[in-house]
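Student: The structure is given below, and queries will be raised subsequently.
Read the figures in this text as sums done on the coordinates, not as results from a lab. These numbers were taken from a predicted model, which means no experiment stands behind them. No Cβ is skipped: glycine too gets one built from the backbone with ideal geometry, and neighbour counts run over all protein chains shown.
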Amino acid sequence: MQVSVENTSALERRMTIGVPAERIETEVNKRLQQTARKAKIPGFRPGKVPMSVIRQRYEDGARQEALGDLIQATFYEAVVEQKLNPAGAPSVEPKSFEKGKDLEYVATFEVFPEFSVAGFESVSVERLSAEVADSDLDNMLEILRKQNVSFEAVDRAAQNEDQLNIDFVGKIDGEAFAGGSATGTQLVLGSGRMIPGFEDGLVGAKAGEERVLNLTFPEDYQNLELAGKTAEFTVTVNTVSAPTLPELNEAFFNQFGIKETGIEGFRTEVRKNMERELRQAIKSKVKNQVMDGLLAANPIEVPKALLENEVNRLRVQAVQQFGGNIKPDQLPAELFEEQAKRRVELGLIVAEVVKQFDLKPDEARVRELIQEMASAYQEPEQVVAWYYKNEQQMNEVRSVVLEEQVVDTVLQKASVTDKAVSYEEAVKPVEAPQAD
């Protein structure tokens, strides 16, 4: 087998591979012999058909099959021989394809970029620290009460925080559209569940009243078929109900699986959950800063094949999350390219850090993380046992721990400043930068 490689760009390789005719004929004959053992042809007993008849009937198909398998096998042999690391499937173009002659074909493909991760000292991280104060706990208890509010029908005009039972029909250019109509829907005014103006337009309405709302879907609306379009909603208010907050009593505590511990036991459990959330939020913000720093310090070229694969994954996720009568490939690729590029770059950089520092998942940290996740459940021991019985889940946890170890490795050399903040500030999501 003869192999030559041409670098057509930083990542693209054009590899010419020659396969001797003898190897091709050996593979063709092997398939014909296999066919001869089981071929059923009138006038001949199974296994007794002359090879000349087998060759006449089946050689073309056997040759095509052999050539396909040989291209796949010799491509793999060639990249191993040339110590190349393809980043996607090759584009194959035959150069010579004649019976009795050597096969020559060209495989064009991209390789993974070769680089070393550097610039750890340039990574700047602000590491937050916070505690769960009593006032934070009190605020959380109020949030939990509001999440479990009950409603009672009232005979008055609707106010914010009231729950309305409504029927509505939405039309665009006089035509009803998918998902734009419903009956008996419960809607809390001020919840932000509907598009801007819908809930505001029902403030002051009474049971039995009908209102017509002319509204415009936001330009960034999740259903791209409706984004930016103007619609008319005819809304009938069936009932208006006022909110009543639950008391902090045993019945309320039981809803969260916390029994016979009273208010102090409930506060203790809620505090534990808040502390768990706090640790995760701080860890996540540190990780994001580390990853941003690594990206800035290590610009790399991304293989197109990897970028396209990631864009397609994001398209599928978008359709699954937001729905609508649209197929993944109908979503413009440019909507996802920036996010896909970041994901691919980080994946390559993290993998290289793992390789450079020979990192392996710390099994003690794996168990610690599983126990941390399990502590949120009523029977944590069963959750821990479930993880250890599921290899796929264990591998996912090991990947998370390995990524944490990458972050720790960078932090040892990065510029880190500690900052004490409130619980609320620590758990507050980082706002994405606004586009110009």
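Student: Can you list residues whose amide H is under 5 Å from Leu103's amide H, if they're 5+ apart or on another chain and H is modeled 1.01 Å from N?
Tutor: Counting only residues 5 or more places away or on other chains, the set is Val19, Ala21.
Student: For the stretch 2-110, count all C-alpha to C-alpha pairs, find those more than 17 Å apart, and express that count as a whole percent of the total.
Tutor: Counting every Cα pair in the stretch 2-110, those more than 17 Å apart make up 58 percent.
Student: Going by how many other beta carbons lie within 10 Å of each one, how would you line up Leu137, Leu213, fewest first?
Tutor: Leu137, Leu213
Student: Continuing with this model, one more query. Could you go through the stretch 342-355 in sequence order and give the Karplus-derived ³J(HN,Hα) for each residue, using 6.51 cos²θ - 1.76 cosθ + 1.60 with θ = phi - 60°, rounded to whole Hz, and x for Gly and Pro?
Tutor: 4, 4, 5, 4, 5, x, 5, 5, 4, 4, 6, 4, 4, 5
Student: In the chain, with Lys and Arg counted as +1 and Asp and Glu as -1 at Cβ, which of these residues, Leu307, Ala158, Ala364, has the Cα nearest the positive end of the dipole, that is, farthest along it?
Tutor: Farthest along the dipole direction, towards plus: Leu307.
Student: What is the log10 of I(q)/I(0) for the stretch 330-422, computed with the Debye formula using one identical point scatterer on each Cα and no solvent, at q = 0.21, 0.22, 0.24 Å⁻¹?
Tutor: -1.03, -1.05, -1.11
Student: Taking loop as defined by DSSP and a crowding limit of 14 other beta carbons within 10 Å, which chymotrypsin sites (Phe, Trp or Tyr not before Pro) in the stretch 328-436 fit?
Tutor: The qualifying sites are Phe357, Tyr377.
Student: Run the reach check for Lys40 against lysines, Cα to Cα strictly under 20 Å, same-chain hits fewer than 8 apart removed. What comes back?
Tutor: Output for Lys40: Lys30, Lys48.
Student: So, one more: Would you kindly give the portion of the calculated P(r) for the stretch 280-436 that falls above 18 Å, as a percent of all Cα pairs?
Tutor: I get 71 percent for the Cα pairs in the stretch 280-436 exceeding 18 Å.
Student: Sticking with this structure for a sec: Report the per residue volume, in Å³, of the convex hull enclosing the C-alpha atoms of the stretch 214-358.
Tutor: Enclosed volume per residue, from the Cα hull, is 225 Å³.
Student: Remind me, relative contact order of the chain in percent, using alpha carbon pairs under 8 angstrom and six or more residues apart?
Tutor: Normalised by residue count, the contact order of the chain is 18 percent.
Student: Quick check for me: using +1 on Lys/Arg Cβ and -1 on Asp/Glu Cβ, what's the dipole size of the chain about its Cα centre, in debye to the nearest 20?
Tutor: Charge dipole of the chain: 2600 debye, to the nearest 20.
Student: For the stretch 150-165, what does the Karplus curve 6.51 cos²θ - 1.76 cosθ + 1.60, with θ = phi - 60°, yield as ³J(HN,Hα) per residue in whole Hz, taken in order and with x for Gly and Pro?
Tutor: Calculated HN-Hα couplings, in order: 10, 10, 10, 4, 10, 9, 7, 5, 6, 10, 4, 6, 6, 9, 10, 9 Hz.
Student: If the cut-off is a Cα-Cα distance under 19 Å, which lysines reach Lys413, setting aside same-chain residues fewer than 8 apart in sequence?
Tutor: Within the straight-line cut-off, Lys413 pairs with Lys283, Lys285, Lys287, Lys355.
Student: Sticking with this one: For the stretch 81-159, what's the radius of gyration and Dmax over Cα atoms, in angstrom?
Tutor: 33.1, 93
Student: If you don't mind, another one. Please list 3J(HN,Hα) in residue order for the stretch 90-105, calculated via the Karplus relation 6.51 cos²θ - 1.76 cosθ + 1.60 where θ = phi - 60°; whole Hz, with x for glycine and proline.
Tutor: Calculated HN-Hα couplings, in order: x, 9, 9, 10, x, 9, 9, 8, 9, 4, x, 10, 4, 8, 10, 9 Hz.
Student: Amide H to amide H, which residues 5 or more places from Ala205 or on other chains are under 5 Å from it, using H placed in the peptide plane?
Tutor: Ala158
Student: Ok, one more. Any chance you could tell me what percent of the C-alpha pair distances in the stretch 45-84 go past 13 Å?
Tutor: That tail contains 65 percent of the Cα-Cα pairs.
Student: Where a Cα-Cα gap under 25 Å defines reach, which lysines qualify for Lys146, not counting those fewer than 8 residues away within the same chain?
Tutor: Lys206, Lys259, Lys272, Lys428
Student: Taking 25 °C and 0.890 mPa s as the conditions, I'd like the Stokes-Einstein D for the stretch 150-244 in µm²/s, using the Kirkwood hydrodynamic radius from alpha carbon pairs.
Tutor: 181 µm²/s
Student: Which log10 I(q)/I(0) values, to two decimals, does the chain give at q = 0.07, 0.09, 0.11 Å⁻¹ under the Debye formula with one point per Cα?
Tutor: With no solvent term, the Cα-only Debye profile gives -0.66, -0.94, -1.15.
Student: Same structure again: Treat every Asp and Glu Cβ in the stretch 287-359 as -1 and every Lys and Arg Cβ as +1, leave all other atoms uncharged, and give the resulting dipole magnitude about the Cα centre to the nearest 20 debye.
Tutor: Roughly 220 debye, rounded to the nearest 20.
Student: Whole angstrom only: what separates the Cα centroid of the stretch 57-134 from the Cα centroid of the stretch 377-426?
Tutor: 32 Å
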